[in-house]
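Structure record follows, encoded as structure tokens.
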Amino acid sequence: MKYLLLMRLSLLFLLLGTGGLLVLWSLHHDTHLTDALITVAILLVIVGSFLLILALRAVQKQREDDNEQLRLLRSLIDSIPDLIWIKNKASEFVLVNKQFTRAFKKPFQFFLGKTDFDFSPPDQANKYYQDDLRVMRERETLVTEEPVTGADGNVAWSETTKAPLLSQQGEVIGSIGIARNVTARKEAQERLAFLAAHDELTQLPNRRTFEQNLALRLRRLNTDETAAVLYIDLDNFKFVNDSLGHLKGDIVLQEIAERLLHSNQGAQLFGRIGGDELIAACIGKDAHLHAEQIANDLMALIHQPVNIDQSAYQFTSSIGVALYPEHAHNVSGLLQCADIALLQAKRRGKGRVFVYNRSFDGLAQSELTMHHDIRRALDQREFVIHYQPQYDVTGRLLVGLEALVRWQHPTEGLLFPDHFIPYAERSFLIEPIDRYVFGACCEQIRHWLDAGLVVPPVSINVSSVDLETNGFIEHILAEIERWRVPRGLIEIELTERLFLLAGEQISALLAQFKSAGIPIAIDDFGTGYSNLGYLVTYPINQLKIDRLFIRQLHTSKAHRIITEALVRLAHDLGLDLIAEGVETDEERALLESFGCPKIQGYLFNKPMSLESTTQLLRDQVHTFAPL
């Protein structure tokens, strides 16, 4: 470098100058020549001294620059939130950053000359040492995830990168490392892995994990061992959710799952299928002989009271049992047989244990077939929507449409709701059906509006199961926004029984509909036997008098009195009203005399196909430009 050149030149000049002076002083030659040479020597000494001063100043400046660079480098290393260190070839620390000292709560000087064995657990220290040797031996970077025990004894996970430290000549003189705390990421990964294999609410294995665990255990069975699968269903759990609320329903599930996990009733594997369905398996010698007794013991365990908010609740369960290898030789077959047995248990009055019997395959298989058929129908878009017109009481003015789902079955033709809706509600398939219906209605309203047709409000039935499903209301609002359906053209119909069963959550749900400008109608009004106080408590817009009252208007005085009272009730509360199931002109005339404003029924139109409904709208007198 520059200061080295100056230093060498200064030393050269000083050596020449001082050496010349010494030689000249020792000689006695011509005075004039000697004086001239002495002058030259003195000049060499002066120049050498000047160069030396410059060199020393350059050295000082270089040192100051080096110190500043070291300070900046040290500041940079200390500002990094990761642990950084440098070790020599003996794996002794020669440098650590501040984060390192904070992690182990020791001062900087403590680590100098120390090894990992001086402050880390022996097993960890040995691994660190072996990694150091490997890095220096193989001259390669090593990245690992490893535990680090801090000064407080807590173990954190770090992502550690180690690399060899080389001299300017390329020789290995030690190692350098950096460790980043990845505990949060590691815990998140472990949590995700757990959730992928378990039910989040109960912490039980999910169906897929249960099947994998059972398959593994079956493969390891000894020749004298058997197995049994117990399909468990909590009876009327939907009513628990409706009456107590979902939060308390979740507490019930968690409590029962906890009991099963810690029971010693003979079952070794547990899982949650979904909803209120749990599953268990018992495996071992003579397991098939004890399965029914184990099922009864589990049922008794479930029946024990659950304490919620200082109140005790008891629940019954139904259990279907399938035996291995008697009933099936694989996991899927066992689960199917247990499911069929569960259906038989519930048909016998619930709260029972039923062991699979092949003689019941036909009846149970029909429900399983229905399940698969509905799923196929959703995938193949076999569900279609018919619309029944609603008129003013004179029958002259179209005031609304009710959307009614039908199933265009590929082999059985057009199926009405009573053929598939009850099963869909029991099996939680009603929610995807209703999602489809709602989206299709919104899309069709947009098509009608774009065609310049006058579109009256369209009523769409929503099951109470839908309202219990996370995201259903958000789906409704998204579909309305997606198809740009104006406010007031969609009306939601809920059954009166919902208000009898539903807990405190119903108010929040209806408030969401109200804030979105979606009117609420109560279907089958008068049949739910509920507290009429909900009519003023909740944001309800319209009542629909059930056809049960309408069909006997002209033969039953009691029905006429009740119907007239319902009309007056709606009028006094400022609610809109429509009578369903009007089939004769006599019924219409009586309703008109009562003051019922709107009617719906076969007197005017049966539910109509999309094409017929579109033609009906075209036949209306007024049209307007598309929105």
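The values are calculated or read from the model by the stated rules, or taken from the named source; none is laboratory data. Only a predicted model underlies this, so the values are computations on that prediction, with no experimental measurement involved. Using ideal geometry, Cβ is built from the backbone for each residue, glycine included, and neighbour counts are taken over all protein chains shown. Areas reflect the complete protein model, heavy atoms only, side chains present, ligands, DNA and RNA absent. Shrake-Rupley method; radii C 1.70, N 1.55, O 1.52, S 1.80 Å.
Side notes on the structure shown:
- Of the listed requirements (1) in contact with a strand residue (DSSP E or B) (Cβ under 8 Å, 6 or more places away or on another chain); (2) not in a strand (DSSP E or B), residue 259 misses just one: (1).
- Counting the residues of segment 246-257 that are touching a residue at least 12 places away in the same chain (Cβ under 8 Å) and surrounded by fewer than 17 Cβ atoms within 10 Å (Cβ to Cβ) gives 3.
- Sole exception among (1) in contact with a helix residue (DSSP H, G or I) (Cβ under 7 Å, 6 or more places away or on another chain); (2) modelled with pLDDT of 90 or more for residue 119, by number: (2)
Yes/no per residue for (1) modelled with pLDDT of 90 or more; (2) part of a helix (DSSP H, G or I); (3) farther than 24 Å from residue 616 by Cβ:
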position	(1), (2), (3)
441	yes, yes, no
448	yes, yes, no
469	no, no, yes
478	no, yes, yes
494	no, no, yes
506	no, yes, yes
509	no, yes, yes
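- Selection status of residue 403, of a type in the set (A, V, I, L, M, F, W, C), buried (at least 17 other Cβ atoms within 10 Å of the Cβ), under 26 Å from residue 520 (Cα atoms) and modelled with pLDDT of 85 or more: yes
- Segment 422-433, residues that are modelled with pLDDT under 90 and either touching a strand residue (DSSP E or B) at 6+ places or on another chain (Cβ under 8 Å) or among the aromatic types (Phe, Trp, Tyr) (or both): 423, 428
- Residue 217 being of a type outside the set (A, V, I, L, M, F, W, C), open to solvent by 30 Å² or more (accessible area, probe 1.4 Å), at pLDDT 90 or above and outside any helix (DSSP H, G or I): no
- Subset of segment 261-276 [open to solvent by less than 60 Å² (accessible area, probe 1.4 Å) and either among the hydrophobic types (A, V, I, L, M, F, W, C) or in contact (Cβ under 8 Å) with a residue 60 or more places away in the chain (or both)]: 267, 269, 270, 271, 272, 273, 274, 275
- Just one of (1) over 30 Å from residue 131 (Cβ atoms); (2) crowded, with 16+ Cβ neighbours inside 10 Å fails for residue 174. It is (1).
- Test: residue in segment 286-305 that is at pLDDT below 85 and either more than 24 Å from residue 215 (Cβ to Cβ) or of a type in the set (Ser, Thr, Tyr) (or both): no
- In segment 145-163, residue nearest to residue 88 (Cα to Cα) [restricted to those that are open to solvent by 30 Å² or more (accessible area, probe 1.4 Å) and modelled with pLDDT of 85 or more]: 161
- Residue within segment 97-112 that is part of a loop (DSSP other than H, G, I, E, B), within 15 Å of residue 150 (Cβ to Cβ), in contact (Cβ under 8 Å) with a residue 12 or more places away in the chain and not polar (S, T, N, Q) present: yes
- Every pair of residues 6+ apart whose Cβ atoms lie under 6 Å, when the first sits in segment 532-560 and is in contact (Cβ under 8 Å) with a residue 24 or more places away in the chain and closer than 29 Å to residue 514 by Cβ while the second is open to solvent by 70 Å² or more (accessible area, probe 1.4 Å) and charged (D, E, K, R): 539/514
- Check on residue 445, touching a residue at least 24 places away in the same chain (Cβ under 8 Å), closer than 22 Å to residue 542 by Cα, over 29 Å from the mean Cα position of the chain (by Cα) and surrounded by 18 or more Cβ atoms within 10 Å (Cβ to Cβ): yes
- Within segment 127-151, residues that are small (Gly, Ala, Ser) sit with their Cβ atoms under 9 Å from residues that are surrounded by 12 or more Cβ atoms within 10 Å (Cβ to Cβ), at 6+ positions apart or across chains, in these pairs: 150/103; 150/104; 150/156; 151/103; 151/104; 151/106; 151/119.
- Taking strands (runs of 3 or more DSSP E) as the structural unit, those lying wholly within segment 277-388 and holding at least 1 residues that are open to solvent by less than 10 Å² (accessible area, probe 1.4 Å) correspond to 277-285, 306-308, 317-324.
This table checks each residue for (1) modelled with pLDDT under 90; (2) touching an Asp or Glu at 6+ places or on another chain (Cβ under 9 Å); (3) surrounded by 13 or more Cβ atoms within 10 Å (Cβ to Cβ).
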residue	(1), (2), (3)
74	yes, no, yes
80	yes, no, yes
83	yes, no, yes
88	no, no, yes
93	no, yes, yes
99	yes, yes, yes
104	yes, no, yes
